[in-house]
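The structure appears right after this line, and notes come after that.
The values are calculated or read from the model by the stated rules, or taken from the named source; none is laboratory data. The structure presented is a predicted model; accordingly, all values stated were derived computationally and were not measured. Note that we place each Cβ from the backbone using ideal geometry, even for glycine, and neighbour counts take in every protein chain shown.
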Amino acid sequence: MGSDRQKLAAAALLLLCAGAGAALLLLFADSCQQDGGLHYLFARWAWRHPGLFVGVWSRPLYTTVYALPALGGYTAARALTVIICLLIAWQTWRLATALGFARSPLAILLVWLQPSFFLFAADNMTEQIFALVVVIALRLHHQGKRVAGAIVASLTILARPEGFFLGILWAAWLLWPLRRWRQATIILWLGTGALLWWVAALLITGDPLFILHNWPQNWPLTGTIYGAAGLVAYPARLPEIVGPFLLLPFLVGLWRLLRTRRHATLTSTFLLFFTLHTILRAWGLLGSAGYPRYLVAISPVIALITLCGWNRLADCFRRSPAWWRTAVAATILATSAWFNFIYVDGAEWSRDARAIQQVHHWFIGEQRKLNDLPVTRLIWNEPYACIIFDRDPWENPEWTHDRERDLETLRSSPPGTLVIWDRLIGPKWFGLQSEDFEAAGFRRIYTGNFRLEGHLITRSWFGYGGPRHQTYYLLYKDR
């Protein structure tokens, strides 16, 4: 009967999370970061540019899984992410049950209540598919299916670079204790994913060193392209990773598991990722931007550590009235959910999609009226513009950040080139303003000024979530 109650509770919580995911799909048309749109474009256009199926930046596992859904459009691809996030939560609950955690259905909520997880729960990032692979591999590992677990874990390298470091940690699990050294050959299965990647890259591109040659230039071992933020950057952002109202249960759970030496796979995974990204961000290595979303890749582990702390704190109040314990728990969970919606709503960049939709609507109407604006090429500075105009992203120039070279590229653009540019991101990222396009032979056909507010937040709170004042330009090259 208890098991049936748990299944019913898990189903109800999954349904609740599905509703939250649907709300994200309806309320927010685009990502709050550029990477989400870019990954979608890679998946959608991989059929025309097959190298994207094995590209380092495009991520082979993500592109392969999303390539078909992406043909159905941006919303279809984002809906797939919601489904993947529900699968992550479901698998986390199954793992919690297998490991003997009390209140195991709560693990479902503790996944979705992580602010960074929630922020990208309807987005096209690679962390979610990494997390799904991780939790499935952990379940297999704890079931004693070590070879199967190693093979599944090896696929993480196809989703994100952290898969390399996870493979090293996984090898340590397989070899410990020392009596297993005679079975050391089992760790060879951890190379399965990398081998598949290399073979696929060779077959598609014919280049045996494609992965090396395709390595992004803005991922240098050193160089601090996004700056070096110091060792406190990630610890300071733990509330965005775990949740400000769940941080205490998480820290209690982490301390308890470390002190009792239980579930070392969970604690070692978290410590590996947290330490790795703290170091990378501190010195700006490998182009680390220090985003909290990087830890979404191990969201199931974070949820289970939090559940351990939650159970420990609940035990401390077991003599309190049941109604009081229920009320406190419900308040914490409801407040966490409300904070997450505020967190998503305050992410200003996602609002640009509303302005771009209006620009696109104007252009389509103008094109029908004038019938003299054929588009041969689209230049853009935000991926959502390429998405809504449904153009091949390879039409966009490869910006060099060398102003003279980029201006020469604009001057040599063919007739019929359409540009959608903005006032904030274009000048900051590429050093180009609308006036530069006009000087290069483009004429401005549209200027739109927008005041973009959140659905829930209409004013700034401590500098976060206020109105976003944005301007968009459409420029066209006649000859």
Counted residues in segment 286-325 being in a loop (DSSP other than H, G, I, E, B) and in contact with a Phe, Trp or Tyr (Cβ under 6 Å, 6 or more places away or on another chain) come to 1
Has segment 343-365 got at least one residue that is surrounded by fewer than 21 Cβ atoms within 10 Å (Cβ to Cβ), charged (D, E, K, R) and out of contact with any Lys or Arg (no Cβ under 6 Å at 6 or more places or on another chain)?
yes
The condition from (1) surrounded by fewer than 16 Cβ atoms within 10 Å (Cβ to Cβ); (2) more than 27 Å from Ala29 (Cβ to Cβ) that Leu410 misses is numbered (1)
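Condition (residue is in contact with a Ser or Thr (Cβ under 7 Å, 6 or more places away or on another chain) and within 23 Å of Ile302 (Cα to Cα)) applied to segment 60-71: is it met by at least one residue?
In the first step, residues of segment 60-71 are kept if they are in contact with a Ser or Thr (Cβ under 7 Å, 6 or more places away or on another chain); the result is 62.
Okay, now just the ones that are also within 23 Å of Ile302 (Cα to Cα), so 62.
Within segment 60-71, one or more residues are in contact with a Ser or Thr (Cβ under 7 Å, 6 or more places away or on another chain) and within 23 Å of Ile302 (Cα to Cα).
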A careful count of residues in segment 251-298 that are over 21 Å from the mean Cα position of the chain (by Cα) and at positive phi gives 2
Being out of contact with any helix residue (DSSP H, G or I) (no Cβ under 7 Å at 6 or more places or on another chain), closer than 29 Å to Leu113 by Cβ, free of Cβ contacts under 8 Å to residues at least 60 places away in the same chain and not charged (D, E, K, R) narrows Leu80, Leu68, Leu87, Leu15 down to just Leu15
Of the residues in segment 326-377, those that are over 30 Å from Leu246 (Cα atoms), β-branched (Val, Ile, Thr) and in a helix (DSSP H, G or I) number 3
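Count, please, the residues in segment 408-423 that happen to be more than 24 Å from Gln217 (Cα to Cα), touching a residue at least 12 places away in the same chain (Cβ under 8 Å) and not in a strand (DSSP E or B). Walk me through it before giving the result.
Step one: list which residues in segment 408-423 are more than 24 Å from Gln217 (Cα to Cα), which gives 411-423.
Adding the requirement that they be touching a residue at least 12 places away in the same chain (Cβ under 8 Å) leaves 411, 413-423.
The next check asks that each one be not in a strand (DSSP E or B); those that pass are 411, 413-416, 423.
Total meeting the criteria: 6.
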Picked from segment 389-407 (must be part of a helix (DSSP H, G or I) and either out of contact with any strand residue (DSSP E or B) (no Cβ under 9 Å at 6 or more places or on another chain) or not assigned by TED's automatic domain parsing to the domain that holds Gln357 (or both)), the residue surrounded by the most Cβ atoms within 10 Å (Cβ to Cβ) is Asp406
